[in-house]
Structure formats: structure tokens, C-alpha cells
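**Student:** One structure, pasted below without further comment.
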Amino acid sequence: MNLNETELLELIAEGEGRSMEFKRGLPRDEKLARTLCAFANTRGGLLFIGVNDNRSLYGVSQPRKALADIFRVAQEFLEPPLRVQGTIVPCQGLVVVTIQVPVSVNRPHKVVHKSGDDEIVVRIGSSNRVAKGATLDALRNGTTRARSRGSLEAQILAWVDARTRLSPTPGGDASPAFFSKDKNVGAQRARRAFVRLERDGLLVGHGKGTQRIYCRP
């Protein structure tokens, strides 16, 4: 993806979220690998190096080296290795490195740490979290399973989308318990429907039980 200065500034103005992350400088290898992995496993995303969390520009002093390091990390710290696209964008007298991570047909990818440990990471809101439970099962089972949706499941998906947009909490606040109370649905019935949607790859979640927080992949 080739961005010009105007397009880059418009994207930065949107702020960080499910598919966009800002870094003032290049993170250490394993932290960078977690972000690349999370984007590839979930819905893809954009990583901007040289941008502060408050959306102001900081710039990158050695952009070509930064690009080479990112490409190296995507190959050496992810299994299977990941191919990403990167560009150098001059902007307001500074330089920003932009990385586009596609949602991967080879997911799940895992981060392989120097210690030998590994972890499968997904994107939840604007943070990267280890995939567990039904979210992990859905990744390992491959693509989203196609089956007919009941009215409750359709209602849950629409409600999760709305809560993700409206919630003041980073990552959202859409839990089965909250849905049960908000929509006057039995707690167990709501939780079972959330789990079915998670297993089908239509929701990703973190936490436990009825307090597990969900968002769309």
C-alpha cells in the first residue's frame, strides 16, 4: 500500500484501534512479532513507526534499516513466517515507516520467543492478547465455519459491534453477562450463544466465563 502524506495523516487522525497501531520507535523483536502476529491472525492491520500514541509525528531516523528489521522479524520470529508490505512515507519534514499486515491464509501464526516458548496472539480492541479457549480452537480449525445463524446470534453480533464503537473501555466491554442484562436474555443461554460464535470464528474473546470480553475479528 503506497500512501501519500495526506492519506497518512488522515489514517493517523483516526487513532489506534483493532486494525491500526502507532509506535514512536521500533519495538524490540519479540514485541514487534506479537503485533505482526496479532494482525495476521485476526483481521490484518497497519503498523506505523515514527508516530506517538497521541497521534503526533516523531519520525524515523533510519527508515531503511527499520524496514529491513521488520521484514527480518516477520520471517524469524513467526511460525509460519509472515510476509508483510512496508513503505517509507515522507511527512511534514519527517519520515514514517508504514507496515501493512494482511489477514493471513496461513493462520494461526505463533510468536517463537528466544527462550523457545511460543504463543498464538490475536488482536482484541487496540491490544494484543494470547488466544485461548474457543478463539484458539477457531484459529486452529481454519476458516470461519458457515452455518445458519439464529436470531439470538445475529442480535449478539450486532450488539457486539455497537458496544465496540460505544464503549469507553479499551478493547470494549461486550460480555455475555452485560448482554444478558441489557437484552433480558438468560445468562446461560447468552453465554452458550457467545461461545458458539467464538468457536465459529465470528467473535474473539479474553477473560473467563460470563465476564469474558468479546469483539469481532
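**Student:** Which numbered condition in (1) farther than 26 Å from D200 by Cα; (2) buried (at least 23 other Cβ atoms within 10 Å of the Cβ) is the only one that H109 fails?
**Tutor:** Here H109 clears every test but (1).
**Student:** Does any residue of the range 19-33 turn out to be under 20 Å from L94 (Cα atoms), in the same structural domain as V89 (by TED's automatic domain parsing) and of a type in the set (D, E)?
**Tutor:** Yes, the range 19-33 contains at least one residue that is under 20 Å from L94 (Cα atoms), in the same structural domain as V89 (by TED's automatic domain parsing) and of a type in the set (D, E).
Yes/no per residue for (1) of a type in the set (G, A, S); (2) closer than 22 Å to V121 by Cα; (3) crowded, with 21+ Cβ neighbours inside 10 Å:
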residue: L11; (1), (2), (3): no, no, no
residue: R18; (1), (2), (3): no, yes, yes
residue: I49; (1), (2), (3): no, yes, yes
residue: R72; (1), (2), (3): no, yes, no
residue: Q75; (1), (2), (3): no, yes, no
residue: E79; (1), (2), (3): no, yes, no
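Listed here are the residues, each with its yes/no results for (1) touching a Lys or Arg at 6+ places or on another chain (Cβ under 8 Å); (2) closer than 24 Å to K132 by Cβ; (3) at pLDDT 95 or above; (4) among the β-branched types (V, I, T).
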| position | (1), (2), (3), (4) |
| --- | --- |
| M1 | no, no, no, no |
| R43 | yes, yes, no, no |
| V51 | yes, no, yes, yes |
| Q62 | no, no, yes, no |
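**Student:** Using the structure shown, decide if P27 is of a type outside the set (K, R), assigned to a loop (DSSP other than H, G, I, E, B) and touching a helix residue (DSSP H, G or I) at 6+ places or on another chain (Cβ under 8 Å).
**Tutor:** Judged against the criteria, P27 is a match.
**Student:** How many residues, within the range 155-184, are loosely packed, with under 14 Cβ neighbours inside 10 Å, modelled with pLDDT under 90 and either among the hydroxyl-bearing types (S, T, Y) or over 21 Å from R123 (Cβ atoms) (or both)?
**Tutor:** Result for the range 155-184: 1.
The values are calculated or read from the model by the stated rules, or taken from the named source; none is laboratory data. Since this is a predicted model, take the numbers as computed values, not measurements. Virtual Cβ from ideal backbone geometry, glycine too; neighbours counted across all protein chains shown.
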